[in-house]
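The values are calculated or read from the model by the stated rules, or taken from the named source; none is laboratory data. The shown structure was predicted, so the numbers you read here are calculated from the model rather than taken from an experiment. For neighbour counting, all protein chains shown are included, and Cβ atoms are generated from backbone atoms with ideal geometry for every residue, glycine included.
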Amino acid sequence: MITKLIARGMLVGLLAGLLAAVFAYTTGEPRIDRAIALEEAAAAASQAAGSHAHETAEATGHSHETTQATGHSHDEGEALVSRDGQRFGLFLALGLYGVAVGGLFALAYAAVRGRVGPRSEPVLAIALASAAFTAIVLVPFLKYPANPPAVGDPETINQRTVLYLVAVAIGLLSVAAGAATHRYAARSEPWLRWLATGATVLLPVAAAWILLPEIDEVPQGFPADLLWDFRIASLGTQAVFWLGVGALFAFAARRRSPV
C-alpha cells in the first residue's frame, strides 16, 4: 500500500513540476533574460572602461598591469551553458524536483492520515500541500525573497544558503507546532483553538524575521519593477507547484470519507 502511495506521489510531483516549469518559462524566463541583458551591459561598460585605461597606460608608458587588473574579463564571464540549454534544464530540474518532493509528500501524507487534519483524503491532501507551501516557500520568502541572476555577491552564497535553510527549518517547525496546537486544543472553543494555532505559527516566524540578519545585495540602479516581477514569478512558480501537488493528489485519492 505504501509503495503504491509513494509511486502515486512521485507521478503527481512530476506532473506538478512540469506545470510549474511551464509557468516559470512563460513568466520568469523573460525577467531572467532582461536581468542577464543588464548584467552583460554592465560588464561591457566595465570592459570598455578597462580598454580605455589600457590605451591611456600605453600612451603614458605604463605597463600592462592595469589591463590585467581591469580588463579581459569577458571570456571568463561567458556562460558555460547556453540559454536554450538552461531552459531545457528548467523543465528537467523541476521535473526531478517534483518526483523527489512528491515521494516525500506521499510519506508525510501517510504519516498524518487518520491522525491529524481532515478525515476526507482529498481535503487532507490539499491542506497538507497548503501547509507545506506555507512552511517551505512562503515563510522563507518573507525574509529572503528570490533575486534574479544579476543580483547577489558570489562570495556570500554560502551565507545566504545557510540563512535560507534556517528560514525553511523555522517555517517547518512553526507549521508543525501550529498543527499540534490545533490538535490538542480540539475541545476548546473554535475561535480560541484557531487563535492559539495562529499564535503558535506566527510568533516564532515573527521572531525569526526580526532576529535573522538582513541580506540586501541589490545593486543601485537595478530596476525595481524587474526585481519584484521576478520575485512574484518565483513565488508563483512554487504556488503552482504546490497547488498542483495538492489538487492532483486529491484527485488521485481513491477513498472518500466525510470531513
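Taking Val259, is it modelled with pLDDT under 90 and surrounded by fewer than 16 Cβ atoms within 10 Å (Cβ to Cβ)? In short, yes. The sole residue among Ile210, Ile232, Ile215 that is part of a loop (DSSP other than H, G, I, E, B) and β-branched (Val, Ile, Thr) is Ile215. All told, Leu226 meets the bar of being farther than 27 Å from Ala250 by Cβ and crowded, with 17+ Cβ neighbours inside 10 Å. If you go through the range 173-202 and keep only what is in a loop (DSSP other than H, G, I, E, B) and under 14 Å from Thr134 (Cβ atoms), you end up with nothing. Between Ala167, Ala253, Ala247, the distinction of being among the aliphatic types (A, V, I, L, M), in contact with an Asp or Glu (Cβ under 9 Å, 6 or more places away or on another chain) and surrounded by 15 or more Cβ atoms within 10 Å (Cβ to Cβ) belongs to Ala253 only. Those helices (runs of 4 or more DSSP H) of the range 82-172 in which 3 or more residues are in contact with a Lys or Arg (Cβ under 8 Å, 6 or more places away or on another chain) occupy 121-133.
When both residues are 6+ apart or on different chains and their Cβ atoms are under 7 Å apart, which pairs have a first residue that lies in the range 214-227 and is in contact (Cβ under 8 Å) with a residue 60 or more places away in the chain, and a second that is of a type in the set (Gly, Ala, Ser) and outside any loop (DSSP other than H, G, I, E, B)? Final answer for the pair search is Leu226/Ala35.
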